[in-house]
Number of protein chains: 2
Amino acid sequence: MSLQKHPLGEFDLIHRFFKMESDRMLARDANSIQLGIGDDCALLMPDAHEEIAITTDMLVEGRHFIAGANPAALGHKALAVNLSDLAAMGAKPLGFTLAIALPESDPAWLEAFSNGLFQLAKEHQCPLIGGDTTAGPLNICITAFGAIPKDQAIKRSGACVGDDIWVSGTVGDARLTLAALRHELVLTPEELQAVEARMHQPNPRVQLGIQLRAFASAALDISDGLLGDLSHILQASQKSALVYLDRIPKSATLLKKDALIQNQYAACGGDDYELCFTVSPTHRQAILEISQNLNLALSSIGSIKALDSEIPEITLIDTDGQILNEEQAAGLLKSFDHFA
Amino acid sequence: MSLQKHPLGEFDLIHRFFKMESDRMLARDANSIQLGIGDDCALLMPDAHEEIAITTDMLVEGRHFIAGANPAALGHKALAVNLSDLAAMGAKPLGFTLAIALPESDPAWLEAFSNGLFQLAKEHQCPLIGGDTTAGPLNICITAFGAIPKDQAIKRSGACVGDDIWVSGTVGDARLTLAALRHELVLTPEELQAVEARMHQPNPRVQLGIQLRAFASAALDISDGLLGDLSHILQASQKSALVYLDRIPKSATLLKKDALIQNQYAACGGDDYELCFTVSPTHRQAILEISQNLNLALSSIGSIKALDSEIPEITLIDTDGQILNEEQAAGLLKSFDHFA
């Protein structure tokens with residue numbers, strides 16, 4: 001009985017398509033990957049004294065992206081959000097698995113999706129090492145792996161009293177794009193063009209994360225909104241924080257909007273995938289040098305404080321140097337509605 | 001501004017529910033897991049000279065299980081299919097991530113699902129170390145990690161001419177259960193009870209995989225049907241095979257059905273998650289000892305042959321010792337329709 005009598009299903013073709021690009025990358029950047037797609041498991045051999053960072057994100061149509069979303073952008077974003085989590089720990093990408101459910105086998109969609117996916121994968125020498133393809137409502141689940149020298153992972157729990165709080169790049173543009181798509185406000189075509197990539201094709205701050213290993217006491221990536229995400233550091237570190245609203249870095253496009261929009265979107269808008277991290281003031285010069293080397297703005301937005309009560313708190317300072325009261329802070333926060 | 005003003009969504013509750021059990025397991029079986037749920041990534045530190053085996057499987061409602069499937073069985077099966085892939089490489093389970101999309105937050109469903117999931121996880125000291133929960137059509141994606149001493153992974157590509165081909169347990173009962181559910185044939189309630197766990201709660205052969213490291217030249221788990229899966233070993237090893245249909249191990253329930261059903265279901269039915277592996281005849285005694293130690297039947301069903309042409313082939317021998325011709329083999333194979 002010849003084995004060629006086994007018919008190849010459409011999903012075998014998808015698998016073969018992904019496998020080809022995966023094999024090419026593994027041939028070029030073997031690093032720690034001992035075995036890629038095609039066996040029961042992939043095999044990964046970290047260097048001695050390295051820890052493996054592992055993160056997983058599932059993207060669902062209608063919740064994390066709209067039906068009919070650009071497949072190339074989707075391929076980029078599905079990997080980017082995972083690389084961003086690796087960056088937040090200071091991990092160097094090693095590889096990723098992709099499990100995908102597809103309602104139909106559309107070669108044009110798949111080609112665009114994998115182009116977006118592999119372009120980012122190559123940029124970070126992060127090969128696809130395994131996966132699963134199945135029929136079903138569109139669902140993309142990536143698990144990514146990174147390497148960190150032992151005991152150098154940047155956890156959320158290490159923030160110390162007196163540390164500066166830093167934010168990379170600018171925040172709020174992904175929320176500004178969402179607002180335009182939802183017709184909550186109007187952007188000119190030029191403005192939309194200037195900001196929309198922040199929502200659709202976020203740039204994971206992988207090199208920044210790696211360089212921060214030596215300096216940051218705590219870090220995470222900003223996916224749900226700066227203040228909400230900062231609160232995770234405060235909870236894990238059992239600290240409070242002081243944040244100056246006008247120091248939160250905003251793009252030129254966002255700075256043209258009115259002050260409430262600026263503050264709401266920058267402080268609470270999600271999906272920018274910048275890093276928020278805490279560093280002792282003794283390392284300010286080192287952080288500014290990293291900023292120069294990476295050609296990436298790094299802004300100090302406030303500082304870590306001791307807990308006053310049992311509950312971590314964020315004290316917000318407005319442009320006039322005044323502390324926002326509960327009512328004003330609630331007014332700022334109520335705007336927060338992360339996509340979905 | 002107090003952080004308790006951030007409302008907790010329903011999915012935070014799910015996350016907390018999974019996290020509690022995860023923390024309990026990590027406190028008991030720390031092994032290689034340095035950091036579990038609650039940061040940007042989990043951290044895993046393998047022992048020196050260990051490789052990490054990685055596998056991922058996505059289960060979609062309507063394709064891999066029927067709507068309304070028993071959630072406890074589903075939790076078991078979602079992890080079992082991944083542990084089965086680890087077993088097929090000879091890997092010892094270290095931990096897993098769970099990404100799950102749920103149409104609604106149903107506490108009773110979640111409790112049953114996680115009971116099924118964690119019961120199997122505990123049996124194999126395999127803690128949940130990270131994940132993602134989101135709203136969406138029911139989709140369960142697990143990525144599992146295992147450890148193997150360097151260069152001891154059992155790959156598909158190592159089968160040698162003359163090796164015996166072995167199968168663990170019995171095969172065909174999952175397909176028999178499916179046939180009953182589809183009303184293709186009738187089982188008595190006692191018969192159904194005897195076989196249905198094979199489909200709904202497969203038992204990953206983890207200990208067998210670990211013990212086979214020293215002996216097996218190739219291995220995989222039988223998820224799509226014995227002959228189809230064996231063909232993956234033959235393709236990877238560039239070999240052919242001889243298989244005796246009556247040596248394929250079948251349960252007492254399946255043995256009561258007519259001969260064609262027996263052979264079709266055992267040779268081509270999927271979802272049994274037994275191991276198929278090849279071993280040099282010099283190790284026959286060792287394999288029989290493993291069988292005794294694990295109290296698990298291990299059956300030699302044929303042997304590995306050299307390639308006659310460029311294409312791996314499986315020669316099937318019927319009960320009378322006759323070689324099945326192409327037409328007979330096709331008649332056997334056409335029955336194959338893996339659930340979906």
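All of the numbers you see were taken from the coordinates with simple rules; none came from a lab. Please read all numbers here as calculations on a predicted model, not as lab measurements. Positions of Cβ are generated from backbone atoms using ideal geometry, with glycine treated the same way; all protein chains shown enter the neighbour counts.
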List the distances, in nm and shortest first, from the label point of residue B:105 to the matching label points in every other copy, placing each point 7 Å from Cα along the Cα-to-Cβ direction. 3.9
Using the Cβ atoms and a cut-off under 14 Å, what net charge is assigned to the surroundings of residue A:188, where Lys and Arg are +1 and Asp and Glu are -1? -1
In Hz, Karplus ³J(HN,Hα) per residue of segment A:108-115 (6.51, -1.76, 1.60; θ = phi - 60°; x = Gly, Pro): 5, 4, 5, 5, 5, 4, 6, 4
No Cys partner within the rule (Cβ under 4.7 Å), the protein assembly as shown: A:41, A:126, A:160, A:268, A:276, B:41, B:126, B:160, B:268, B:276
Over all residues in B:98-110, what is the mean tally of Cβ atoms on other chains that come within 10 Å of each residue's Cβ? 2
Within the set of other residues whose C-beta is less than 12 Å from the C-beta of residue B:168, count the net charge using Lys and Arg as +1 and Asp and Glu as -1. -2
Contact order normalised by length for chain B, with contacts defined as Cα pairs under 8 Å and 6 or more residues apart; what percent is it? 21 percent
What does the convex hull of the Cα atoms come to per residue for the protein assembly as shown, in Å³? 156 Å³
At residue A:247, label 7 Å along Cα→Cβ: distances to the other copies, nm, ascending? 7.5
Figure the gain on full extension for residue B:255 and residue B:286 (residue separation times 0.36 nm, minus the Cα-Cα span) and round it to one decimal in nm. 8.4 nm
To the nearest 20 debye, chain A has a Cα-centred charge dipole, built from +1 on Lys and Arg Cβ and -1 on Asp and Glu Cβ, of 520 debye
Could you give P(r) for segment A:9-120, binned at 10 Å from zero, as whole percent values over all Cα-Cα pairs? 11, 42, 36, 10, 1
Taking Rh as the Kirkwood radius computed over alpha-carbon pairs of segment A:268-326 and applying Stokes-Einstein at 25 °C with viscosity 0.890 mPa s, one gets a diffusion coefficient in µm² s⁻¹ of 171 µm²/s
Run the quick spin-label model on residue B:293 and residue B:70: label points 7 Å from Cα toward the beta carbon, then report their separation in nm to one decimal. 3.2 nm
Post the alpha-carbon centroid distance, segment A:155-200 to segment B:144-203, in whole angstrom. 50 Å
Full extension from residue B:327 to residue B:311: what is 0.36 nm times the residue separation minus their Cα-Cα distance, to one decimal in nm? 3.9 nm
Can you list the copy-to-copy distances for residue B:190, using a point 7 angstrom from Cα toward Cβ, in nanometres, shortest first? 8.4
Any residue on another chain or 5+ positions along whose placed amide H is under 5 Å from the amide H of residue A:102 is listed here as A:134, A:135, A:136
Which whole number gives the average, over all residues in A:141-153, of C-beta atoms from other chains lying within 10 Å of the residue C-beta? 4
Given the Cα atoms of segment B:185-340, and with Rh set as the inverse mean 1/r over their pairs in the Kirkwood sense, what is Rg to Rh to two decimals? 0.95
Can you compute log10 of I(q)/I(0) for chain A with the Debye formula, treating each Cα as one identical point scatterer, at q = 0.12, 0.16 Å⁻¹? -0.88, -1.38
When DSSP assigns beta bridges and you keep just the ones with both residues in segment B:74-179, what percent turn out antiparallel, to the nearest 5? 55 percent
Assuming R0 = 60 Å, can you tell me the calculated FRET efficiency for the pair residue A:48 and residue A:183, based on Cβ-Cβ distance, to the nearest 0.05? 0.60
Taking each residue of A:233-243 in turn, how many C-beta atoms of other protein chains fall within 10 Å of its C-beta, and what is the average? 1
Roughly what % antiparallel, to the nearest 5, for the DSSP beta bridges in chain A? 75 percent
Give me a comma-separated list of calculated 3J(HN,Hα) values for segment A:235-249, in order, Karplus coefficients 6.51, -1.76, 1.60 applied at θ = phi - 60°, integers in Hz, x for any Gly or Pro. 4, 5, 8, 6, 9, 10, 8, 10, 10, 8, 4, 7, 8, 5, x
Total charge of the residues flanking residue A:305 in space, meaning their Cβ is under 10 Å from its Cβ, with Lys and Arg +1 and Asp and Glu -1, is -2
